[in-house]
Amino acid sequence: MTLNTFDQLFFTVFTAFKTRYKQKANTIALFYLSALQITLCFLLGVFIATFLTKMNASTISSEKAWTLFVLSAIAIHFKNWLKYNGKTRKVLNAKFNKSKAKDHNLTLLLSLPFVCLVLAVILLQSL
């Protein structure tokens, strides 16, 4: 089991908040990672919808697209909740602490979901 980019981001946020919020650090990191992945999914979906609209391709209805997005958001959060609670998180945490992980800027990491959301809203307005 190797650490992917999202694992590294999770443990960077986890270790940053572990000193201040001992009990809530896992919840904060879980919420951050889920928010990041959901906004990336939203950005990708809006980009594809905009592209297909400009190409005059027939796509699914707006209502079905929002339903699909909500279901995928729930699935992403549930997957992260299962992955980062329990034994898997402890094994990944040991690997993260043992490896020489890159030092990420916490402010930049925390702004990534907001940047993705702003880009998605800008693309959504062009529909």
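Laboratory data are not the source of any read-out in this text; all were calculated from the coordinates shown. On a predicted model such as this, the values are computed, not experimentally measured, just so you know. Glycine gets a Cβ as well: all are built from the backbone with ideal geometry, and neighbour counts include every protein chain shown.
A few comments on the model shown:
- Criterion (β-branched (Val, Ile, Thr), farther than 16 Å from residue 110 by Cβ, buried (at least 19 other Cβ atoms within 10 Å of the Cβ) and more than 12 Å from the chain's Cα centre (by Cα)) met by exactly one of 46, 70, 13: 46
- Given (1) touching a residue at least 60 places away in the same chain (Cβ under 8 Å); (2) surrounded by fewer than 13 Cβ atoms within 10 Å (Cβ to Cβ), index of the condition residue 125 fails: (1)
- Inside the range 76-109, residues that are surrounded by 12 or more Cβ atoms within 10 Å (Cβ to Cβ), under 21 Å from residue 44 (Cβ atoms) and out of contact with any Asp or Glu (no Cβ under 9 Å at 6 or more places or on another chain) make up a count of 5.
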